[in-house]
Amino acid sequence: MSEGGHILKATRVTKQFGGLTAVKDVDFELPKGGICSIIGPNGAGKTTFFNCITGFYKPEAGALIFDGISLVECRPDQITTLGVARTFQNIRLFAGMTALENILVGEHARLRAGVAGAILSLPKAKAEEKRAWDRANDLLDFVGLGGKGDVLARNLPYGDQRRLEIGRALASNPKLLLLDEPTAGMNPRETEDLMLFIQRLRAEQGLTVLLIEHDMKVVMGISDRVTVLDYGIKIAEGTPLEIQSNPKVIEAYLGSNQEGAA
Amino acid sequence: MTVRSSLRAGLSVGLIAILMVLIGITQLSGQLVRGWFGLPSATPGAWLILLLMAGWAGSRAYKQAKATSWGAALAAGAVPGAAAGLLLGALMWGIGSLLANGTDLRQWLAQLSPANVELLTLGLPPLASALVILAALTAAGAAGAALSFASERGQWGAAWAARRQGLGAKVTSVPAIEKFLARPNARQIVLIAGLALLLLLPLGVGQYWNYIIGTIGIYVILGLGLNIIVGMAGLLNLGYGAFFAIGAYTVAILTAPEPHNIGMSYWLALPIAVVVAAIAGILLGIPVLRMRGDYLAIVTLGFAEIIRILLRSDVMTGFTGGPRGIRSVGGPELLGIDLNNETFFTYFILVGIVLAAFVIYRLQNSRVGRAWMAIREDEDVAEAMGVNILTYKLLALAIGVGFAGFGGAIFASRNRFTGPEDFTLQVSINVLCLVIIGGMGSIPGVLMGALVLKGLPEILRQLDDYRMLAFGALLVVMMIVRPEGLWPSARQKNELRVAEEELTAGPGTEVVEA
């Protein structure tokens, strides 16, 4: 499509917090239908970069083009409506709402019903609501939470919460899914499941997936391309194999500080 | 264990009974029953309510004890009945003795006139009357247990249950009702309808009670509105009274002869008041809603004070009547009939409550309500889910505040007067309190909260000075005993219940999961 088959194109994105430059001049291209990972030591600016894409932060400089539209001027909710959905590093479900309601909120961007439709229970709003519930139940099944729709999110086990968060992100029918450390805190079996799940997402729904991940088995196992950030600067990019042998990457991870090797 | 809990139930029933006697609810019930059935005296009605309570406690105790024989059931029921009887008996003994000594208790509690006391003592000497009460309540408790026992075990109960089932089947064969009953909140709606009906009954009790019911009703409307803002969208608004004032003043200015002599019809002024309040909410909201939590609370609090002081100041005297307020506010009339009387307003307010509850119920279970809840739970994430935060916050504020305008419009015209001192900070705090006491996000909770917070002080007129004390004590006790509110929403109850299950079953499942 636009941008030569790239769904997301970042050019010289820079984000500063006071004197600290969290992301500096990062160029990044995400091919449509790809599974890509961003890795880097703690504090490398990975999540900041995510937050720039999703509109939580406004980059000081640079351009972010998603599907031909500039994201820099957009609010987070507008970006979601355009087709970017995300999960959070530390799970952020609506804890006091049920699993089903979480998914329904995820569908918000796709739905249209307003105050009048809801109060008067207009046929259009009612039909939409019915479809939304059906879709939410389907999604619950899809992420393996079938039958747990009435459980409050906070009462779900950890692994289920992670999955629910992905389900909620999927509910907005995104074209691009951003997963911020999806396997954090998971055991090897759950991690394995999640890798299969992500691959299924691409195969069945044609999603483009961008991951932040520390688990190198995951990164090397499912990524088409890997981008490495260190101190806000992109230091390497390539296939998993190229990255594994890249001396700059090895230095960033195993450098003098012995920092954050995974 | 069960004896202990049924004792405790009995003691609380006893305490409630004492409260009811002291504030005159037993006497009121006596008069009501006398009026309905044309009885010669108020005594049966006064006793009825006490006996019913003891019976209920007995039936509950029986269910907890899971008694399997008549003897056990009777014994289980007698325990709470006796406990309640002991408390109430002791009180009546004391009161009877004091009265016998010629003390005039009315100087402390107006309800304790000799005639009222006699309703319960039956003219017997103090100790004898106490024993009668003890015996009666014990018997009522046992009777309550026996009734439950019979209805569960006996043939009579089986026949009744079968009939009820048959009746239920017949009723539910109507598709509309069937559909209604299938809803998750069907029970709540039925309860609200029941409560509304209950509120209609006292219309026979005259102007004073109508006025009180109306006041409670207005606060229910206010509470329902604030519930949208605080309970659903999670925006702590301490300046709700300002919009109540805006509604009241809008109607007053548009209908009263002074200061502008516009003379608009009440039916036209009412919707205008709602819209003006909503617009004021949006105007305040646009700059303010970018703030969160405490900041929002303080800004709204300040706004309410500014409105009140403006209304009172000389600057506005030409426009709003200044400190003197506005007199002769117009009231509703229909086809030339003046409807400006307490009874009509009570009905009108009840209709308003039902309407408000309906609107909120529908919104609650829609895309809009879910967006509000999402904002309450986590603003950032809600935004990441595509919810336009500012729009939805404004929407919650505008709708919630519209209810305040509606309440204010009724308030001003019912009193035929409105002045700045009607809208002190106390109003905002009261409404917030009743939402919290009733249970955040719960429609019946608001009803309960208003009954307790506005009803009790009205009934306790003589204790008016202690009203704040009672408020404070009630709030503290509430937060300790029932943090989720008097009548919490199903969600909150569910939350607590599941949390408890987690606590008991948690570690095991954790291990499996990990």
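Here the dipole of region A:108-250 is about 620 debye; that uses its Cα centre as origin and unit charges on the Cβ of Lys and Arg (positive) and Asp and Glu (negative). Taking the number of Cβ atoms within 10 Å of each Cβ as an exposure proxy, the fewest-first ranking of B:Trp93, B:Trp36 is B:Trp36, B:Trp93.
Can you give the charge dipole size of region B:189-497 about its Cα centre, rounded to the nearest 20 debye, using +1 on the beta carbon of Lys and Arg and -1 on the beta carbon of Asp and Glu? Its charge dipole is roughly 380 debye.
Quick check: the angle from helix A:158-170's long axis to the longest principal axis of chain A, C-alpha only, nearest 10 degrees? Taking Cα atoms only, the helix is inclined about 80 degrees.
With the Cα gyration tensor of region B:17-160 giving a ≥ b ≥ c as the square roots of its eigenvalues, does the rule (a/c under 1.5 for rounded; else a/b larger than b/c for prolate; else oblate) give rounded, prolate or oblate?
Prolate.
Modelled label positions at B:Gln207 and B:Leu236, each set 7 Å beyond Cα in the direction of Cβ, lie 4.3 nm from each other. Centroid-to-centroid, using Cα positions, region B:103-127 and region B:1-67 are 18 Å apart. A straight Cα-to-Cα reach below 19 Å connects A:Lys148 with the lysines A:Lys130, B:Lys493, residues fewer than 8 places away in its own chain not being considered. If you wrap the tightest convex hull around every Cα atom of region A:93-173 and split its volume per residue, you get 83 Å³.
Determine, from the Cβ-Cβ distance of B:Leu52 and B:Ala72 and an R0 of 35 Å, the FRET efficiency 1/(1 + (r/R0)^6), rounded to the nearest 0.05.
My answer for the efficiency is 0.95.
List the lysines whose alpha-carbon lies under 22 Å from that of A:Lys175, not counting same-chain residues fewer than 8 positions away? Cα-Cα hits under 22 Å: A:Lys9, A:Lys32, A:Lys46, A:Lys58.
Model label points for B:Asn341 and B:Arg482, set 7 angstrom from Cα along the Cα-to-Cβ axis, are 3.7 nm apart. How charged is the neighbourhood of A:Thr227? Take every other residue with its Cβ under 12 Å from the Cβ of A:Thr227, and add Lys/Arg as +1 and Asp/Glu as -1. Residues near A:Thr227 contribute -4 overall.
Label positions at A:Asn187 and B:Thr424, each projected 7 Å from the Cα along the C-beta direction, are separated by 6.3 nm.
Which of the three applies to region B:218-288, rounded, prolate or oblate, going by the alpha-carbon gyration tensor with a ≥ b ≥ c and a/c under 1.5 meaning rounded? Taking the square roots of the gyration eigenvalues as a ≥ b ≥ c, region B:218-288 is prolate. Using a/c under 1.5 as the rounded threshold, could you call chain A rounded, prolate or oblate? The axes a ≥ b ≥ c are square roots of the C-alpha gyration tensor eigenvalues, and prolate needs a/b larger than b/c, oblate otherwise. Prolate is the answer for chain A, as a/c is 1.5 or above and a/b outweighs b/c. Rounded to whole numbers, the Karplus 3J(HN,Hα) couplings from phi for region B:383-397 are 5, 5, 8, x, 7, 6, 4, 4, 4, 6, 5, 4, 4, 4, 5 Hz, using 6.51 cos²θ - 1.76 cosθ + 1.60 with θ = phi - 60°, and x at Gly and Pro. Using only side-chain charges placed at the Cβ, +1 for Lys and Arg and -1 for Asp and Glu, the dipole size of the protein assembly as shown relative to its Cα centre rounds to 1900 debye. Rounded to the nearest 10 degrees, the angle from helix A:188-205 to the longest Cα principal axis of chain A is 70 degrees. Think of region A:108-169 as a dipole: +1 on every Lys or Arg Cβ, -1 on every Asp or Glu Cβ, centred on the Cα centre; then among A:Ala116, A:Gly144, A:Ala169, A:Ala116 lies furthest on the positive end. Applying 1/(1 + (r/R0)^6) with R0 = 45 Å to the Cβ-Cβ distance of B:Arg290 and B:Glu333 gives a FRET efficiency near 0.50. The calculated FRET efficiency for the pair A:Arg200 and B:Thr103, based on their C-beta separation and a Förster distance of 56 Å, comes to about 0.10. Taking the Cα atoms of the protein assembly as shown, the ratio Rg/Rh between the radius of gyration and the Kirkwood radius comes to 1.06.
Using the Kirkwood radius built from alpha carbon pairs, what does the Stokes-Einstein equation give as D for region A:1-131 at 10 °C and 1.306 mPa s, in µm² per second? It would help to have the intermediate numbers written out before the result.
Details: Rh = 17.0 Å.
In µm²/s, the coefficient rounds to 93.
Projecting the Cα atoms of A:Ala252, A:Ile39, A:Val13 onto the charge dipole of chain A, computed from C-beta unit charges around the Cα centre, puts A:Val13 farthest toward the positive end.
A short reminder: the numbers here are calculations on the coordinates, not readings from a lab. Not measured: the values here are computed from a predicted model. Cβ coordinates were reconstructed from backbone atoms using ideal geometry, including for glycine residues, and neighbour counts include every protein chain displayed.
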